[in-house]
1. Just how many % of Cα pairs in region 2-163 lie over 19 Å apart, if you round to the nearest whole percent?
2. Amide H of ILE28: which non-local residues (sequence gap of 5 or more, or other chain) have their own amide H closer than 5 Å, using H built in the peptide plane?
3. Given an 8 Å cut-off on Cα distances and at least 6 residues of separation, report the relative contact order of the chain as a percent.
4. Taking the beta-carbon count within 10 Å as an exposure proxy, list TYR102, TYR120 from fewest neighbours to most.
5. For PHE149, PHE130, what ranking results if the residue with the fewest other Cβ atoms within 10 Å of its Cβ goes first?
6. Which far-off residues, 5 or more places away or on another chain, put their amide H under 5 Å from the one on LEU132, with H placed in the peptide plane?
7. Convert each backbone phi in region 32-43 into a coupling constant with the Karplus relation 6.51 cos²θ - 1.76 cosθ + 1.60 (shift: θ = phi - 60°), then list the ³J(HN,Hα) values in order as whole Hz, x for Gly and Pro.
8. Per-residue HN-Hα couplings for region 126-132, Karplus 6.51 cos²θ - 1.76 cosθ + 1.60 at θ = phi - 60°, whole Hz, x for Gly and Pro?
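What follows is calculated from the coordinates using simple rules that are stated; it is not laboratory data. Given the structure is predicted, the values throughout are model-derived calculations rather than measurements. Because the Cβ atoms are built from the backbone with ideal geometry, glycine has one as well, and the counts that use them run over all protein chains shown.
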Amino acid sequence: MRILGIDPGLATVGYAVVEERRGQLALIEYGCIKTSPTQAMPERLAIIYKAMNEIIDEFEPNEMAIEELFFAKNVTNGIQVGQARGVEILAAQMKNVRVYEYTPMQVKLAVTGYGRADKYQMQENIRLLFKLQHPPKPDDAADAIGIAFTHAMSARTKEEYFMK
């Protein structure tokens, strides 16, 4: 199974591709899609949609895991990120890639065993889980790896449960 993990955003969208190989997870690719605040909103959304399609076409994921939005202070920013997140989900849906959603707490719990882990703990655990020399950067890409990992563990647990 190949999973595309997405850390939703407007200025920066983190993405990661993880694949299960012989019972082990392998990190295939990770990075970010970037847009500029000087660009108009429709242009930024189009850039994200085009890049998402390119990533999906290149890596052919079976499933996509995306983080649910959490914002408490800046509602305007939350709405803009929500629009971008919709485009990110639409890109997967149009390519028949199943979409699953996880809260930030679920991701932190899956990656570190602690639902309130900080960025450093997340990145260090991701480094260890995928045997990387350095913690993945930038944060958005590291978060996307964590989201993909969370889905892989969730899917594996569901599969083992239903096979009994």
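1. Summing the P(r) tail past 19 Å for region 2-163 gives 52 percent.
2. VAL17, VAL18, GLU19
3. So the answer I get is 30 percent.
4. Arranged by neighbour count, lowest to highest, TYR102, TYR120 become TYR120, TYR102.
5. Least to most surrounded, the residues fall as PHE130, PHE149.
6. Under 5 Å from the amide H of LEU132 lies no amide H from a residue far enough along the sequence or on another chain.
7. 9, 9, 10, 10, 9, x, 7, 7, 5, 3, x, 5
8. Each residue's phi maps through the Karplus curve to give 4, 4, 5, 4, 9, 6, 8 Hz.
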